[in-house]
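Each value in this text was obtained by applying a stated rule to the coordinates, not by laboratory testing. What you see is a predicted model; the values in this text were computed from it and never measured. Positions of Cβ are generated from backbone atoms using ideal geometry, with glycine treated the same way; all protein chains shown enter the neighbour counts.
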Amino acid sequence: MNTGVTETVVIIVGAGPSGLSTAASLHRLSIPYVILEREDCIASIFNNKSYDRLHLHLTKQFCQLPHMPFPANFPSYVPIKDFLKYLDDYASHFKINPMFHNFVKFAKYDEDRKKWKVEAEIVGGRSAEEEGGVRWYEGKFLVVATGETSDVFIPAVDGLSEFKGEVIHSTEYKSGERFENKKVLVVGAGNSGMEIAFDLSNHGAKTSIVVRSPMHILSRWSTNLGLMSLASMPLHLVDSFLVFVNTIMYGDLTKYGIQRPKEGPFLMKVRDGKYPVIDVGTVKKIKSGVTEVKEHKRRWK
Ligand SMILES: NC(=O)C1=CN([C@@H]2O[C@H](COP(=O)(O)OP(=O)(O)OC[C@H]3O[C@@H](n4cnc5c(N)ncnc54)[C@H](OP(=O)(O)O)[C@@H]3O)[C@@H](O)[C@H]2O)C=CC1
Ligand SMILES: O=C(O)C(=O)Cc1c[nH]c2ccccc12
């Protein structure tokens, strides 16, 4: 009898790089699985929510997925276009066909049957009768691969609703081309904010960036060297090395409104999920006054 439940061994939630890697590994072992994905494509953040000049921050040996290396002709720092093509090829090669439009709402482990039961709502599907419907999946294992930063969030800033200018989230930003000579305030100095501020300045926008907390700014080469060193050195020594090298390279940035945290960059990444900012040229813009750092406030005029 068709109970309306799809039975499998492994249920993977999310068709980003981690979900795809899991699927490929299971495929090679002939272990049945399904991938449930709320969007209509794989790697939706890379596909729909990234800006044009994005390159992966880490050298390619750290970014390729298991069982299929990047093509040898890829540059050391892979541009987004090449990465997307690689992910498509990866999915085809391992015959990965995610169940798109399946937004997982609920997962419960049934102790008696030793199985996960997962409920997914059909969202953004093509047919009206499907939309809002529900599907169930059952499997022995559940892999949650939904990413660390997948939901858009705009904080409630005082005065924002009266602001007459345009407000966009970083996920809508593609390039600084249309902002030439405009005044743009970037709120948030993570990797997205810092690179978007750089791109805006390159396109002739009058750019400022709001820095709320102390942060580690690291050069690309030292970050990669740090990651390689982790194989043979304890984390606190790698952190000391990174702080030493980058303090010499960038000098004291406190006069520009940027403080370095007391704890090391990799410790903060591992413990708090707070990534260091990998400098793509923004520091130079800040030092030369092209990009201005603004102090964090609850309200801007
Ligand atoms: N090329 C690449 O590989 C790239 C990788 N990434 C990665 O993608 C992930 C997401 O990055 P990103 O989009 O930068 O998001 P993050 O969450 O890493 O950074 C958000 C930043 O916004 C700040 N912030 C949040 N709320 C406010 C507020 N109300 N006022 C002022 N500042 C605020 C946070 O400050 P606070 O610390 O105080 O919370 C933080 O600095 C990260 O892992 C990042 O490293 C991003 C871009 C490029
Ligand atoms: O992908 C990011 O968010 C990065 O900025 C690069 C990155 C991925 N994993 C890391 C671990 C330590 C330092 C930087 C990174």
Problem set entry | Contact order normalised by residue count of the chain, Cα under 8 Å, 6+ apart, percent | 17 percent
For this session: Output the peptides 74-81, 274-281 sorted from most to least packed, where packing is the average of other Cβ atoms within 10 Å over each peptide's residues.
Result: 274-281, 74-81
Exercise. Counting other C-beta atoms within 10 Å, which of Trp221, Trp136, Trp116 has the fewest, and how do the rest follow?
Worked result: Trp221, Trp136, Trp116
Problem set entry | Taking Met249, Met194 and counting other C-beta atoms within 10 Å, the order from fewest to most | Met249, Met194
Exercise. By a straight-distance test (C-alpha under 12 Å), which aspartates and glutamates pair with Lys183 as possible cross-link partners, with residues fewer than eight away in the same chain excluded?
Worked result: Glu166, Glu292
Seminar exercise, completed: Asserting the computed 222 nm helical MRE of the chain (DSSP H runs at least 4 long, -39500 (n - 2.57) per run, divided by residue count, to nearest 500) equals -8500 deg cm²/dmol
Exercise. When every alpha-carbon pair in the stretch 145-185 is counted, what percent end up more than 13 Å apart?
Worked result: 67 percent
For this session: Inverting the mean 1/r over all pairs of different Cα atoms, compute the Kirkwood radius of the stretch 2-144 and quote it in Å.
Result: 16.3 Å
For this session: Could you pull out every one of the aspartates and glutamates with an alpha carbon less than 15 Å from that of Lys140, ignoring same-chain neighbours closer than 8 positions?
Result: Glu7, Asp110, Glu111, Asp112, Glu119
For this session: Give me the angle, in degrees from 0 to 90, between the Cα long axis of helix 191-202 and the longest principal axis of the Cα atoms of the chain, rounded to the nearest 10.
Result: 50 degrees
Seminar exercise, completed: Relative contact order as a percentage, the stretch 1-84, C-alpha pairs under 8 Å and 6+ apart, gives 27 percent
For this session: Quick one: check the C-alpha center-to-center distance for the stretch 131-190 versus the stretch 1-38, whole angstrom.
Result: 27 Å
Seminar exercise, completed: Using alpha carbon centers only, the stretch 224-272 is separated from the stretch 82-124 by a whole-angstrom value of 36 Å
For this session: Work out the FRET efficiency for Ile80 and Lys108 from their Cβ-Cβ distance, taking R0 = 41 Å, and round it to the nearest 0.05.
Result: 0.65
For this session: Find, among the trypsin sites (Lys or Arg not before Pro) in the stretch 228-269, those assigned to loop by DSSP (not H, G, I, E, B) with at most 15 other beta-carbon atoms within 10 angstrom.
Result: Lys262
Exercise. Can you give the relative contact order of the stretch 160-295 as a percent, counting alpha carbon pairs under 8 Å and 6+ residues apart?
Worked result: 30 percent
Seminar exercise, completed: In this structure, the FRET efficiency calculated for Ala156 and Leu237 from their beta-carbon separation, with R0 = 45 Å, to the nearest 0.05, is 0.60
Exercise. Just in the stretch 127-170: which GluC sites (Glu not before Pro) are loop by DSSP and have at most 16 other Cβ atoms within 10 Å?
Worked result: Glu129, Glu130, Glu131, Glu148, Glu166
Seminar exercise, completed: In whole angstrom, largest first, the equivalent ellipsoid semi-axes that the Cα gyration tensor gives for the chain are 38, 25, 19
Seminar exercise, completed: Relative to the chain, whose Cα atoms define the longest principal axis, helix 17-28 and its Cα axis are tilted in degrees, nearest 10, by 40 degrees
